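The structure under discussion appears below in the form of C-alpha cells.
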Amino acid sequence: NKGKSKKWRKILQFPHISQCIDLKSKIDVSYDYVVDQQPIGRELFHQFCKVKRPQYFRYITFLDDIARYEIASDENRGDLVYDLAKRYLGLCTTEGQATEDSGGGGGDGDDGKCDDDSGIGADTKTKLSNHDDHHEQGQGQGKDKTKPSKELFEASVQAVRTFLEGEPFREFEASMYFHRYLQWKWLEAQAITYKTFRMYRVLGKGGFGEVCACQVRATGKMYACKKLEKKRIKKRKGESMVLIEKQILQKINSRFVVNLAYAYETKDALCLVLTIMNGGDLKFHIYNMGGDPGFEPNRAKFYAAEVVCGLQHLHQMGIVYRDCKPENILLDDTGHVRISDLGLAVEIPEGELVRGRVGTVGYMAPEVIDNEKYAYSPDWFSFGCLLYEMIEGQAPFRARKEKVKREEVDRRVKEDAEKYSHKFSDEAKSLCQQLLTKAVKSRLGCRNGRYGAREAKLHPFFNSINWKRLEAGLIEPPFVPDPHAVYAKDVLDIEQFSTVKGVNLDATDENFYSKFNTGSVSIPWQNEMLETECFRELNVFGQEESPTPDLLVNAPPVVEKSGCFPFRRKKKQSAREKPVPFNEKLLSSSQTGVTISQTQSES
C-alpha cells in the first residue's frame, strides 16, 4: 500500500450493481473489446471460466501457452512445440478420447474430451503431428531440432477464439463476474480533478507550461503531469494543437510510446497525466554521461529497434510523428525507451498526404523544408538522424553547439552528404545512408505507406533482434538507470515561465475545455489497478464465490449491530451502496435469455 491514501478503499468503493447496470447499453460489450482489449475484462473472464466453467478454462490455457510459444527465443521454440504437441494434440484422438499425454489439456470434470465446436480439430492435429514426426526423425538421425514457425498455431488460435466468443462469453455476460466488470467501468468513469493527485517536483518544461511528477492518491502510482496553461494556450492560439496531441495520445496504447492515463482541467491549466520516465532523455545520455559522446553499437541498436516499434505503432494508426530527435526519446526506470511529445503529430487519412513545415531544425526531411506534401517519410529521415547521432555522438548536419543559421542547416540537409567515421559498422552505415536518402521514393521505409517499418526491420543492421520478444518487453536493456541518480537538469536550472498578461478567459473557451477534460483513459487506468494490486485487494466475492451485497439486486438492507453505546451517531449508508431503480432486462446476456440468477444457480 505504499503511497496510497488512507482512504483509498473509500475512493475505489464499488457502487451497487443497480447504479451501473445501465452502462451495458452505453459501452461496447463484445468479446473483442471486453476480453481482448480490456485488461480487467480479460482477468474477470478468465476468473469466471476457471471458477465456474473449468471446461472452458482449458481453452484459455491453450491460448496462454501459444502466446508464450510465439515470443519464445528461437532456440527454445523447438522444445516448446514438442511440449504443446504432447499436451494439446491429445485433446482429441480419432476415437474422441484423451490420450495419456494430454496432461494439462483437459479441464476438470470433462475427462479431457474435446468439444467438436472448440475448433481444435484436424488442422491443429495435422500440423502438430507432422512437426512431431519431423522432430523425432531429426533426433533419430542426429540432426538439430527444427525451429517451427511462430504462426504454426494461427488457424487453431482463431478457432478457439471463435468458440470462446460464443456460449462461454454469453454465460460470462449473464454472470456476477461481468457485473463486477461494470462496477470497475463505473469507477473508471468517475470525474478526475486536481484532488485525484499529489504533486511533486518540477521535471522540466514544455511549450505551454511545466511538467511535474505526480502520484495518484488512490493507488500510489507515479506519473508525469504536463500542465498546459490556459492563458498561454489562448495567447498562442494553440487550442487545435493541444487538442490534437491529447486525442492522439488517447488512441495510442504502446509500450514504445508515452501513454496518456488521465486528462483533466484546473482553474488555470489543462493537464495531461502521462507515463513517468525517470531515466532521462537520449540527448542527456549521448552528451552528459562522461567520456566520448554517443553509444556503443549494441546500445544504439537496442534503442533504434524500440523506436522503430514506436514509429510502427504510430504509423499503423495513421499518425505521422514529425519530431523524432534525441530529446524526445525517454528512458524508463528499467532502461526501455518511449517516444514522447506528440505536439507536432498529425493523423493522415488513408491514401492522403499532408503538408506542413514543422519539426526541429537539423532533423526535418528535405520534403518538409521545401513545404511539399508527404505521408510518413519525414519520420524515417528523422529516425536516420537519430540513429546517426547515437552512434557518432553528433547530429549529421550540425555539430554540437555550432552557431549556424537555420538556412545553412536546411541547405546541408537538402544538398550535403553526411560523413561516416570509424564508429559505424558496414550495416549501421548502410542503414543510415538508406534512411537519410534525399529522395522520398528511394528512402528506406517509404515504399509501403503505413507499413514502412517492415522494411526497416528487415535491414541487416537488425538481424540479431528478435522482434517478437522485443515487442513483448522481454529483451534486457543494455543500460539500466541508477534509481538514485537524476538524469535531468537541476530544478534551479529550469527556466521559469513568465506571467501571461492581457489574456482573459471567457465562456467561449468552455467548449474547448470540455473536449479536453475527459478523465481516465481506459486501458492505462485498468493496468494501474492491476499493477498496484488494487484489483486483487478489491475484487473479492462472498464465500464459495457467491455474490457480495453490492452485486445482489434484491439485497436486504444491512442492519447495524447495536453496541454498548446506543446513543452514538449511526453510520449512514453511502450513496454508492444504495440500490436504485433499473431496467431488469439488462440483467440478461445481450445474446441470450439467461439471467444472472439462473447462471449462479447452475454454478
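Any of LYS234/LYS414; LYS7/LYS226; LYS185/LYS227; LYS52/LYS221; LYS185/LYS235 with alpha carbons more than 31 Å apart? Name them for me.
Numbers: LYS234/LYS414 35 Å; LYS7/LYS226 26 Å; LYS185/LYS227 27 Å; LYS52/LYS221 33 Å; LYS185/LYS235 37 Å.
Going by Cα-Cα distance, LYS234/LYS414; LYS52/LYS221; LYS185/LYS235 fall outside the 31 Å limit.
Of the GluC sites (Glu not before Pro) found in the range 351-388, those that fall in a DSSP loop while having at most 12 other beta-carbon atoms within 10 Å are GLU352.
Counting Lys and Arg as +1 and Asp and Glu as -1 over every other residue whose Cβ lies under 13 Å from the Cβ of ILE339, the net charge comes to -4. What accessible area per residue comes out for the range 354-442, rounded to a whole number of Å², with a 1.4 Å probe? Value returned for the range 354-442: 48 Å² of accessible area per residue. Computed over the range 380-458, relative contact order equals 32 percent, with contacts defined as Cα pairs under 8 Å that lie 6+ residues apart.
The values are calculated or read from the model by the stated rules, or taken from the named source; none is laboratory data. Note that the coordinates shown come from a computational prediction; the quantities given were computed from them, not determined experimentally. As a convention, Cβ positions derive from the backbone with ideal geometry for all residues, glycine included, and neighbour counts pool all protein chains shown. We work out accessible area using only protein heavy atoms, side chains counted, and drop any ligands, DNA or RNA first. Shrake-Rupley method; radii C 1.70, N 1.55, O 1.52, S 1.80 Å.
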